[in-house]
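The values are calculated or read from the model by the stated rules, or taken from the named source; none is laboratory data. As the structure is a computational prediction, the values presented were derived from the model and not from experiment. Quick reminder, even Gly has a Cβ in these numbers, built from the backbone with ideal geometry, and neighbours come from all protein chains shown. Surface areas here come from the heavy atoms of the whole protein model, side chains and all, with no ligands, DNA or RNA. Shrake-Rupley method; radii C 1.70, N 1.55, O 1.52, S 1.80 Å.
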Amino acid sequence: MIKVDFNRPVTVGNEFEYMRQAIENAKISGDGVFTKKCHAFLESELGVRKALLTTSCTHALEMCALLLEIQPGDEVIIPDFTFVSTVNAFVLRGAKPVFVDIHPDTLNLDETKLEAAVTPRTKAVVPVHYAGVGCEMEVIVEITKRRQIALVEDNAHGLFGQYRGKYLGTFGALATQSFHETKNFSCGEGGALLINDPALAERAEIIREKGTNRARFFRGQVDKYTWVDIGSSYLPSDLLAAFLYAQFEQREKIQSHRKNVWNMYRAALQEWAQKNGVQLPAVPPDREQAYHMFYMLLPNLDLRQKFIMHLRERGIYSVFHYLPLHLSDMGRRFGYRPGDCPVTERVSDQLVRLPLHNELSGADQEMVIDAILDFKFQ
Ligand SMILES: *Cc1c(COP(=O)(O)O)cnc(C)c1O
């Protein structure tokens with residue numbers, strides 16, 4: 001019997017009312033009233049040049065690969081510890097993935113290993129702000145600028161996180177968001193492309209609309225709506241945008257709830273973790289995190305598995321996370337071998353994520369904490 005879910009999709013405000021309005025507007029295809037509200041919200045809250053909702057973060061990443069004209073043989077630098085979409089979107093265009101190992105503290109791409117991975121074929125660097133804690137952006141921005149490489153932030157975890165007072169997703173020429181069921185803000189399946197480089201804005205609209213200039217046509221900027229470039233269909237239904245906008249409206253409520261849960265876990269587990277050799281998440285003082293995830297690193301794989309079972313026996317669902325990409329079937333096809341990214345290999349075995357969602361109650365969290373404190377390390 002499940003007593004505490006790892007994640008649970010919930011409504012937080014006007015989701016149903018706005019979906020009803022979308023139907024009454026007689027416009028449930030893409031780019032209706034609610035899609036425009038979502039774009040305006042992201043643009044004004046984050047201060048990005050342009051935001052475009054997409055059908056997923058995966059599709060926003062695919063749009064990045066198209067916008068950057070990734071060709072077969074190009075190299076794209078990616079942290080080894082991330083979701084497959086970060087890399088697959090570029091491999092789909094023929095790129096060779098270059099995996100860089102992660103920091104043992106933040107689990108983000110290790111910027112001290114970045115420059116050594118750059119070659120004349122490097123076209124893009126795609127850092128992931130793991131758990132919504134920003135990467136070391138000053139160094140990454142400096143290297144990518146100096147070496148003239150495109151910077152794309154996979155910000156699936158990091159909406160509203162900041163690095164030195166600046167929002168994650170505003171550092172790269174392009175950045176991507178996810179509104180999948182498992183993320184802080186959700187519409188089931190959805191995403192966004194954030195465009196900070198104005199030179200890419202118009203082409204992004206075209207690629208998202210099947211290679212047509214439909215967006216310019218509707219703004220009255222051209223008098224014909226026609227096929228002008230390559231593209232696909234990357235725009236979500238306005239029904240989903242309506243659901244998502246209702247969640248955006250509750251930004252403060254969602255983020256402050258998640259922050260409370262996160263802080264409670266840390267306060268309750270700090271002493272226990274120190275005593276038992278468990279590593280809690282590191283949040284450097286110059287970063288405001290997005291409170292996407294609470295993870296812990298257990299001393300080894302065996303204890304991690306026992307820990308997950310221990311909680312499961314009490315009806316509590318905790319989960320591990322990414323497997324090292326370089327050791328996947330696809331990674332090995334690119335010539336990677338065990339030992340190539342040792343930190344990721346170790347962390348992947350040790351990491352466990354605790355229940356954290358927008359409706360996790362205080363009583364449920366207490367149950368989780370009690371069960372954890374009860375775990376026997378022998
Ligand atoms: C969730 C996630 C994605 C994919 O998001 P979708 O919206 O499901 O396509 C990509 N990258 C990271 C780091 C993610 O966590």
The residue that is least open to solvent (accessible area, probe 1.4 Å), considering only those in the range 13-41 that are within 21 Å of the chain's Cα centre (by Cα) and over 21 Å from Ser233 (Cβ atoms), is Phe41
Look at the range 288-346 and say how many of its residues are surrounded by 14 or more Cβ atoms within 10 Å (Cβ to Cβ), of a type in the set (Gly, Ala, Ser) and over 17 Å from Val368 (Cβ atoms).
-> 3
With respect to Glu111, is the statement that it is among the charged types (D, E, K, R), in the same structural domain as Lys50 (by TED's automatic domain parsing) and within 10 Å of the ligand (Cβ to nearest atom) true?
-> no
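Taking the condition within 21 Å of the chain's Cα centre (by Cα) and open to solvent by 10 Å² or more (accessible area, probe 1.4 Å), does Asn88 pass?
On the way: within 21 Å of the chain's Cα centre (by Cα): yes; open to solvent by 10 Å² or more (accessible area, probe 1.4 Å): yes.
When the stated conditions are applied, Asn88 passes them.
For Arg332, state whether it is over 21 Å from the mean Cα position of the chain (by Cα), modelled with pLDDT of 95 or more and among the basic types (Lys, Arg). Quick ask: steps written out before the conclusion?
Values: over 21 Å from the mean Cα position of the chain (by Cα): yes; modelled with pLDDT of 95 or more: yes; among the basic types (Lys, Arg): yes.
Yes, satisfied.
Taking only the range 122-141 into account, find how many residues are of a type in the set (Phe, Trp, Tyr) and either more than 14 Å from the ligand (Cβ to nearest atom) or not assigned by TED's automatic domain parsing to the domain that holds Phe160 (or both).
0
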Taking the range 42-79 and keeping only residues that are open to solvent by less than 40 Å² (accessible area, probe 1.4 Å) and either in a strand (DSSP E or B) or touching an Asp or Glu at 6+ places or on another chain (Cβ under 6 Å) (or both), one is left with Ala51, Leu52, Leu53, Thr54, Ser56, Glu75, Val76, Ile77, Ile78, Pro79
Selected residue [of a type outside the set (Ser, Thr, Tyr) and closer than 30 Å to Asn300 by Cβ] from Gln255, Gln250, Gln270 = Gln270
Where in the range 196-297 are the helices (runs of 4 or more DSSP H), entirely inside, with at least 2 residues that are over 23 Å from Asn14 (Cα atoms) and under 24 Å from the mean Cα position of the chain (by Cα)?
-> 201-208, 251-276
When every residue in the range 142-163 that is among the hydrophobic types (A, V, I, L, M, F, W, C) and within 16 Å of Tyr291 (Cα to Cα) is compared, the one nearest to the ligand (Cβ to nearest atom) is Ala156
Pairs, please: C-beta under 8 Å, at least 6 apart or cross-chain, first residue outside the structural domain of Ala117 (by TED's automatic domain parsing) and assigned to a helix (DSSP H, G or I) and in the range 80-96, second of a type in the set (Lys, Arg) and near the ligand (Cβ under 9 Å from one of its atoms)?
-> none
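Residue-wise test of (1) over 18 Å from Glu45 (Cα atoms); (2) surrounded by fewer than 17 Cβ atoms within 10 Å (Cβ to Cβ); (3) within 11 Å of the ligand (Cβ to nearest atom); (4) not assigned by TED's automatic domain parsing to the domain that holds Ser233.
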position: Gly188; (1), (2), (3), (4): yes, yes, yes, no
position: Ala192; (1), (2), (3), (4): no, no, yes, no
position: Ile206; (1), (2), (3), (4): yes, no, no, no
position: Asn213; (1), (2), (3), (4): yes, no, no, no
Filter the range 164-185 down to residues that are crowded, with 24+ Cβ neighbours inside 10 Å and of a type in the set (Ser, Thr, Tyr) and give me whichever is nearest to the ligand (Cβ to nearest atom).
-> Ser178
Among the numbered conditions (1) in contact (Cβ under 8 Å) with a residue 40 or more places away in the chain; (2) within 30 Å of Glu249 (Cβ to Cβ), tell me where Ala40 comes up short.
-> (1)
